[in-house]
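So the structure is just underneath, and the comments pick up after that.
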Amino acid sequence: MAFQILLNFFLAFLWMFLQVSFSSSTFIIGYLIGLILIYGMRRFFKTEFYMRRVWAVLYLTLLFFKELILANIDVLKVILKPKLDIQPGIFALPTELKSDWEITLLANLITLTPGTLVIDISDDNKVLYVHAIDLPDVQDAIDGIKNSFEKAIMEVSR
């Protein structure tokens, strides 16, 4: 993937030199031409086309911001209620993620979302223990995290 990115930048700069124009618009045009060339030659690379991972990272970032806004609204609703009728709880979240950075990223995304906090990770890195400020249904919370953050992290890393 890194080789494809460097090759794309090289092609963009080569385009700038061939056009004898060192403006940002010439670089962008060269970058797009490089994308088309690399996409056309993707079968000659050992790794997949790198823009798929770029889109996956962008999707994960947008998903985090969406979940952040929704969680802030949920916590705000809990705070503004005259009667505090929450059901806090701790649940075990089994994960399919394998590498340390994937698990760390998942734990950080959960912790950065208001209303949830990763308390501990099991020794074999297969279970995260999460505290939630309002936990009416444990299975719904597990499915929500697995279908959003964990799935998006697997798209980025695999």
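The values are calculated or read from the model by the stated rules, or taken from the named source; none is laboratory data. What you are looking at is a predicted structure, and each value in this text was computed from that prediction instead of being measured. Cβ placement follows ideal geometry from the backbone for every residue including glycine, while neighbour counts extend to all protein chains displayed.
List of remarks:
- Residue check, Thr26 surrounded by 13 or more Cβ atoms within 10 Å (Cβ to Cβ), in a helix (DSSP H, G or I), without any contact (Cβ under 8 Å) to a residue 60 or more places away in the chain and of a type in the set (Ser, Thr, Tyr): yes
- Residue match in region 29-51 (condition: closer than 25 Å to Lys146 by Cα, surrounded by 14 or more Cβ atoms within 10 Å (Cβ to Cβ) and under 24 Å from the mean Cα position of the chain (by Cα)): yes
- Top-ranked residue of region 79-100 - restricted to ones that are among the hydrophobic types (A, V, I, L, M, F, W, C) and modelled with pLDDT of 95 or more, ranked as farthest from Arg158 (Cα to Cα): Ile90
- Scanning region 111-158 for residues that are assigned to a helix (DSSP H, G or I) and more than 19 Å from the chain's Cα centre (by Cα) gives Val138, Gln139, Asp140.
- For Lys146, the stated conditions do not hold, so it cannot be described as without any contact (Cβ under 8 Å) to a residue 40 or more places away in the chain and either surrounded by 12 or more Cβ atoms within 10 Å (Cβ to Cβ) or not hydrophobic (A, V, I, L, M, F, W, C) (or both).
- Any chance Asp85 is acidic (Asp, Glu), free of Cβ contacts under 8 Å to residues at least 12 places away in the same chain and assigned by TED's automatic domain parsing to the domain that holds Pro136: yes
- Total residues in region 30-81 satisfying the condition of being among the hydroxyl-bearing types (Ser, Thr, Tyr), within 14 Å of Leu7 (Cα to Cα) and part of a helix (DSSP H, G or I): the figure is 2.
- Single residue of Ala71, Ala92 found to be surrounded by 12 or more Cβ atoms within 10 Å (Cβ to Cβ) and within 19 Å of the chain's Cα centre (by Cα): Ala71
- When region 96-110 is filtered for residues that are surrounded by 14 or more Cβ atoms within 10 Å (Cβ to Cβ) and either assigned to a loop (DSSP other than H, G, I, E, B) or touching a His at 6+ places or on another chain (Cβ under 8 Å) (or both), only Leu97 remains.
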